[in-house]
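Student: Pasting in a structure now, in structure tokens, and then I'll have a few things to ask.
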Amino acid sequence: MSSDIQTAEKALSFAELGLSQKVLSAVTDAGYTQPTPIQAGAIPYVLAGKDVLGIAQTGTGKTASFVLPMLTRLEKGRARARMPRTLILEPTRELAAQVEENFNKYGKNHKLNIALLIGGVSFDEQDRKLERGADVLIATPGRMLDHRERGKLLLNGVDILVIDEADRMLDMGFIPDIERICEMIPFTRQTLFFSATMPPEITKLTEKFLQAPVRVEVARAATTAETVTQRLVKSGTKPWDKRAALRDLIQEEDESLKNAIIFCNRKVDVSELFRSLTKHDFNAGALHGDMDQRARMTMLSNFRDGKLKLLVASDVAARGLDIPDVSHVFNYDVPIHAEDYVHRIGRTGRAGRSGKAFTLVTRADAKHLDAIEQLTGQAIEWKSGDLSTLAVTDSEDEAPRRGRGNAKRGGRRRSDNERHARRGTKSTEAAEPVAARPDDAENERRGRKDAIRSHNDERKATRGESKARGAKRPARNTDDDHEIVLGFGDDVPAFMRIPAKV
DNA sequence: AAAAAAC
């Protein structure tokens, strides 16, 4: 490859990058004409067999920058049993699934075998695909190593190795695994390495495992400030304060709110907030890493398809997930690490669209908020009044509106009553207003399907919607009686079992 | 103050 890479800055078309006809026609069918900078910069080198160090954020078209040329290169040759020809490592299961979708989309004119090796699902199908011979293996490190240790996977036929989201792999402690994996693959391979940032550990890794790499660096996609309107929203500290503040906010934003991701710092809070929103008749789903894999996939695909308007999520959803057209991001919690703030609000305002990001802030959050403003280099505006305008009571002694007569104390912890309350039990103990089902976590541990409340019309019809809509009535524990939880049993429709099409 | 990933 010669120097014409410089022209990447100008408007190159996909056809000029050297991709095969099969790939080009799939790209055209997908509606793309113009490569992004990372694509224009990396594709010619990938086609030429060079090692590439790509420094790019998600949302820059990074995935296609390796998927498209890999497809072209895979047209020659075929896979042998248990010896995949290419390997792509991803930090999370959802990202791995998303890359698989890209191979399906752009590889529709190819007859390639693609295997997705991720945790949380059965080995059998994955084994069958390996046995058949995979042209493309997409994996999270743990499951891939597991297959290998069982002797079901040979890595000495891998010609192209892709390490994606390397800095996130670092955050997640995957680097030792990555090093092991790199050492299992012949050094004659081509290595494509992607990272949004280059901390020293990552630089060291590239020095060790890349050979004379071409460095392709692209500016961050539109900076957050340009397409995302950010606001801070004051809130009391207590969970019920925060939930109420969030509900108010969602309702105020109703007009422009098409769909939203609501981020919590902790998984238990994801479950809790999800239950609460559902109880208040919001069309919501949940996503976090302790949910079973099928529920994760279902939630994500329903959110993408618009069947879910709100997705309550942990930071598993903060980076990389490609969900076009998210209108709002709500930070139910201020993220502990400032960089996560940038990733979270980056879920909206994508592809040149505008987006809104609201962050609930309590008195306790000052420190983390400072760090965020420092990182982004800008003060974020308050929506209406900062914390100094917050009522002093902070609902400390208000046993939340719907409490029982003898409710008292602020800062009541979840009582043992609640903790041991069983589903469907009519307790005379009024539950804390919108408290999560205390047994949520336990259900998940037991492998019960994470349930979502049905919002489809037939269900609504059966549950006396008008009653439920009478917003302001105090919540009683009899709420449980109206609550219809739709669990996904074994009769999940087939289309829900597969990852969403983008 | 957390999350993620293998069983």
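Student: Can you check what the net charge comes to around residue A:327, using other residues whose Cβ is under 9 Å from the Cβ of residue A:327 (Lys, Arg +1; Asp, Glu -1)? It would help to have the intermediate numbers written out before the result.
Tutor: Details: positive: A:258, A:353, A:356; negative: A:253, A:325.
Summing Lys and Arg as +1 and Asp and Glu as -1 gives +1.
Student: Sticking with this structure for a sec: Starting from the Cα-Cα distance between residue A:325 and residue A:48, subtract it from 0.36 nm times their residue separation and give me the gain in nm to one decimal. Present the calculation step by step, with values, prior to reporting the outcome.
Tutor: On the way: separation 277, 0.36 × 277 = 99.72 nm, distance 3.49 nm.
Stretched fully, the residue A:325-residue A:48 segment lengthens by 96.2 nm.
Student: Still on this structure, please answer the following. What are the ³J(HN,Hα) values, in whole Hz, obtained from phi via the Karplus relation 6.51 cos²θ - 1.76 cosθ + 1.60 with θ = phi - 60°, for each residue of region A:152-159 in sequence order, with x given for Gly and Pro?
Tutor: Per residue, the Karplus-derived 3J(HN,Hα) values read 9, 9, 10, 9, 7, x, 6, 8 Hz.
Student: Stokes-Einstein diffusion coefficient for region A:129-250 at 37 °C in a medium of 0.692 mPa s, Rh from the Kirkwood formula over Cα pairs: what value in µm²/s?
Tutor: Values: Rh = 18.0 Å.
It comes out at roughly 182 µm²/s.
Student: Report, by chain and number, residues whose modeled amide H sits under 5 Å from the one on residue A:312, excluding near sequence neighbours (fewer than 5 apart, same chain).
Tutor: Distant-sequence amide H within range of residue A:312: A:262, A:285, A:286, A:287.
Student: Give the long-range amide H neighbours of residue A:331: residues separated by 5 or more places, or on another chain, with amide H under 5 Å away, using H modelled in the peptide plane at 1.01 Å from N.
Tutor: Under 5 Å from the amide H of residue A:331: A:263, A:358, A:359, A:360.
Student: Right, here's the next one. Under the rule a/c < 1.5 gives rounded, and otherwise a/b versus b/c splits prolate from oblate, where does region A:3-217 land using the Cα gyration tensor?
Tutor: Details: a/c = 1.71, a/b = 1.23, b/c = 1.39.
Verdict is oblate for region A:3-217.
Student: If you find the alpha carbon centre of region A:15-61 and of region A:246-276, how far apart are they in angstrom?
Tutor: With region A:15-61 and region A:246-276 each reduced to a Cα centre, they are spaced 36 Å.
Student: Would you mind counting up the charge near residue A:257? Only other residues with Cβ under 10 Å from its Cβ, with Lys and Arg at +1 and Asp and Glu at -1.
Tutor: On the way: positive: A:258, A:309, A:356; negative: A:252, A:253, A:254, A:255.
Local charge sum for residue A:257: -1.
Student: Just how large is the dipole of region A:24-143 about the Cα centre, in debye to the nearest 20, putting +1 at every Lys and Arg Cβ and -1 at every Asp and Glu Cβ? Please list the in-between numbers first.
Tutor: Working: 16 positive and 12 negative charges, 81 e Å.
For this selection, approximately 380 debye.
Student: Okay, moving on. Under a Cβ-Cβ cut-off of 13 Å, what is the net charge of the residues other than residue A:352 that fall near it, where Lys and Arg count +1 and Asp and Glu count -1?
Tutor: Cβ neighbours under 13 Å give a net charge of 0.
Student: Continuing with this model, one more query. Whole-Hz Karplus ³J(HN,Hα) for region A:267-281, in order, using 6.51 cos²θ - 1.76 cosθ + 1.60 and θ = phi - 60°, x for Gly and Pro?
Tutor: 5, 4, 6, 4, 4, 5, 5, 4, 4, 4, 4, 4, 4, 8, 6
Student: Would you mind checking which residues have amide H under 5 Å from residue A:382's amide H? H placed 1.01 Å from N; only 5 or more apart, or other chain.
Tutor: A:232
Student: Per residue of region A:255-260, in order, report the coupling 6.51 cos²θ - 1.76 cosθ + 1.60 (Karplus, θ = phi - 60°) as ³J(HN,Hα) in whole Hz, putting x for Gly and Pro.
Tutor: Residue by residue, region A:255-260 yields 4, 9, 7, 8, 7, 8 Hz.
Student: Multiplying the sequence separation of residue A:384 and residue A:108 by 0.36 nm and subtracting their Cα-Cα distance, what value in nm do you get?
Tutor: Values: separation 276, 0.36 × 276 = 99.36 nm, distance 5.05 nm.
Stretched out fully, the residue A:384 to residue A:108 stretch lengthens by 94.3 nm.
Student: Here's another thing I want to ask about it. Rounded, prolate or oblate: which fits region A:152-217 when a ≥ b ≥ c are the square roots of the eigenvalues of the alpha-carbon gyration tensor, with rounded for a/c under 1.5 and prolate only if a/b beats b/c?
Tutor: Cα axes put region A:152-217 in the oblate bin.
Student: Treat each spin label as a single point 7 Å out from the Cα along the C-beta direction, and report the residue A:251 to residue A:76 distance in nm.
Tutor: With each label placed 7 Å out from Cα toward Cβ, I get 6.5 nm.
Student: Out of the DSSP beta bridges found with both residues in region A:3-217, what percent are antiparallel (nearest 5)?
Tutor: Percentage antiparallel, nearest 5: 5.
Student: Related question: Pairs A:238/A:383; A:50/A:208; A:129/A:267; A:279/A:307; A:152/A:208: which are spaced more than 23 Å apart, C-alpha to C-alpha? Write down the numbers at each step before the final one.
Tutor: Working: A:238/A:383 20 Å; A:50/A:208 16 Å; A:129/A:267 33 Å; A:279/A:307 17 Å; A:152/A:208 27 Å.
Flagged as over cut-off: A:129/A:267; A:152/A:208.
Student: For region A:245-370, just say rounded, prolate or oblate: build the C-alpha gyration tensor, square-root its eigenvalues into a ≥ b ≥ c, call rounded for a/c under 1.5, and beyond that prolate if a/b exceeds b/c, oblate if not.
Tutor: Details: a/c = 1.24, a/b = 1.16, b/c = 1.07.
Rounded, since a/c falls under 1.5.
Student: Go ahead and run the numbers for FRET between residue A:290 and residue A:15, Cβ-Cβ distance against an R0 of 56 Å, rounding to 0.05.
Tutor: In this case the efficiency is close to 0.75.
Only the coordinates and a few stated rules stand behind these numbers; no lab work does. None of the values given here were measured: they were computed from a predicted structure. Neighbour counts run over all protein chains shown; Cβ positions are idealised from the backbone, glycine included.
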